[in-house]
Structures are given as C-alpha cells and as structure tokens.
Amino acid sequence: MCGLVNQVFRFDLFSVEACLVGLLVLSLFGFGLVLAWQAGRRTAVRRPATADLASTAIQLDNQAKSILDMMRAYSEAGERYSVSLVQAGSNLPTTATPAEVGIIVKFLLAENAKMQNEASTLRKTLEQSKSQIEKLRGNLAEAQEASMLDPLTSVSNRRRFDERLERELTDARLHGTALSLVFADIDNFKKVNDHFGHRIGDEILKTFARVLLDNVCARDTVARYGGEEFAVILPETAIESARQISERMRKQLESMQLALNDSGREIGRITASFGIASLNKGDNAETLIQRADDKLYQAKCAGRNRIATDQVAAVA
C-alpha cells in the first residue's frame, strides 16, 4: 500500500514540476509581451501615433498582464500542492494504520482535484485570451499600417518614406542594383489654394497622389514628403527608366480637365515639376535626397512643368 502511494506521490510531483516549468516558459513569454508593448509606447512618445494604435497597444499590454496574474496564481497553487505532497510523503513512514493512510490519500485526491479544476479553468481562460490577443494583434497591425500613411492622400507618409529608402538603399548596395529617387512638386500650388481655397487644394493633392500611384509598380513607394511635394522611390530602376515613368506622370496630370463639382467652373491646367537622382557609389539617404531636391529646384527655375535629372534636363 505504501509503495503504491509513494508511486502516486512521485508521479504527482513530476506532474507538478512539469507544470511549473511550463508556467515559467509562459511567464517569460508574457513578460516579453509586456516589455514589447511598453517599448512600443516609448516609441509612440517620440513619434505621435494614432489613437487606435495607442489604444490597441494598451489593450494588448493589459491582456498580457492578466495572463501573467493567472500564471502566478496557478504557480502558487502548484507550490502549495507540492508542499502538501512532501508533507504527506514524510508522514507516511510513521503512519500506523490503513485508516490513517486512507485519510492521507483522500486529502491528496482532494488537493489533486483542486489542481485539476484550476488547470481546467486556466486552460479555458488562456484559450479566450489567445483569441482576444489574435484579434488585438490584427487591430494593431491595421493601426500601425494607418500610422504610416498620409491621412489626406493615403500614400506613404514621411516616416515610412525614410524607412523604405534606407531599406532600398541597403538592398541596392547588397545586390548591386540601380535605385532612383524622384521628387515631384505641384506647380504654383499656393496660387491654387489662394484662388480656390484649401478644400480644392486638398482635392488636387489627392488627384496628384493617384496619378503617381497609377504609374508605379507594387514594390515602388509613393510618399507625401511635405506640403505639395511628393517623393517616389524606384528600386531596380535606372535613371532613364525613372525619367520615362516621371514623364508619364507629368503628362497624365497635365492632360486632366479639372473643374469644380458644384458649379462646373474650370480650375485650369495643373502641372508638376520633377527632379530625379540615381544612386551613386558612396551615396547615403541624405545625399540622394539632396540631389533629387536640387534637380527639382532646377526644373522649377527652368520654367516648371518639366523634368530634371542627374544627367540631363528634359523640357516639356
């Protein structure tokens, strides 16, 4: 009888130890989540995020903390059960009668039932938390995506532009491929705003953004760099191909007949100027941007509605 009970003790102690190891791993995972989202909030302080992004990150943080609390409670219950097993094991050698052994066994069975019930509750709660976390992760991904877009034109914002340019520069150097950067600016945009108002100006900005998107591939990046100035990153694109793409953009915008919806009053021809720089040996993001911006300034000074490149200036 005592030998059988001792085997049960050894089995239960092994089960408890295994549970505690699993809990430790899960606890480390939980702490990782907390630290990750805390780091996310620190990043959000440096760069203001959308309300959705901050809210979702906080919900994820709270969910992870809730899981940790459950883990700690279950771990404490496991430790109490382990103590009970040790005490029962030490009392067995002095147990005189089968009735006393039966009392110890009943006590251990009751304690084991408690542990099984707590384990079942924990599993159900963890399954619910997993589903909630998956949903929150999806919301966070959407919020993060939204935080990288310009709210007016829905193209990439300056933050994403900076990140993508660094990534494409690294890739171009690694594989020895071409990379071109286009800066584009709507001509006389201030006059349009002054004459028709900022609401119409915003619509023109959105129209120009669509023109840029219409003429690029999936890997290319169109970003609103600031105000009426846009940037287009063209990976694996030599400067002549970049010039041809820019020319299509320029012609498409120039050919549009824009008018006010309410009155039909014509806005007039809207044009844009383009500056293009191609990656050279020794370039970094700053020097490439500077050269593209210089070429845009050159196109403006030469009369607008034209393209200036590192090598030549193409007049409309």
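The values are calculated or read from the model by the stated rules, or taken from the named source; none is laboratory data. These numbers come from a predicted model, not from an experiment. Ideal geometry is used to build each Cβ from the backbone, glycine not excepted, and the neighbour counts take in all protein chains shown. Ligands, DNA and RNA are stripped out before the accessible areas are found, and what is left, the full protein with its side chains, is counted by its heavy atoms. Shrake-Rupley method; radii C 1.70, N 1.55, O 1.52, S 1.80 Å.
Averaged per residue, what accessible surface does segment 207-287 expose to a 1.4 Å probe, in Å²?
49 Å²
Express in nm, to one decimal, how much length is gained between GLU163 and GLN116 on full extension, taking 0.36 nm for each residue of separation and deducting their alpha carbon distance.
Result for the pair: 11.9 nm of gain on full extension.
Short version: what are the Cα gyration tensor semi-axes of segment 119-178, square root of 5 times each eigenvalue, largest first, in whole Å? Don't jump to the answer; show the numbers that get you there.
Working: eigenvalues 298, 67, 7 Å².
For segment 119-178, the ellipsoid semi-axes come out as 39, 18, 6 Å.
For ILE103 paired with ILE200, estimate the spin-label separation in nm (one decimal), with each label point 7 Å from Cα along the Cα-to-Cβ line.
Using points 7 Å along Cα→Cβ, the separation is 9.6 nm.
Can you list the lysines whose alpha carbon sits under 22 Å from that of LYS130, skipping same-chain ones fewer than 8 residues off?
Candidates past the 8-residue exclusion: LYS65.
Which pairs break 31 Å Cα to Cα here: LYS190/LYS251; LYS191/LYS281; LYS206/LYS281?
LYS191/LYS281; LYS206/LYS281
Where in segment 271-301 does the amide nitrogen come within less than 19 Å of the point 7 Å from the Cα of GLU254, taken along Cα to Cβ?
271-276, 295-301
For segment 165-316, what value does the Rg/Rh ratio take when both radii are computed over Cα atoms and Rh is the Kirkwood radius, given to two decimals? Provide the component values of the computation, followed by the final result.
Values: Rg = 15.7 Å, Rh = 15.8 Å.
With Rg and the Kirkwood Rh in hand, the quotient comes to 1.00.
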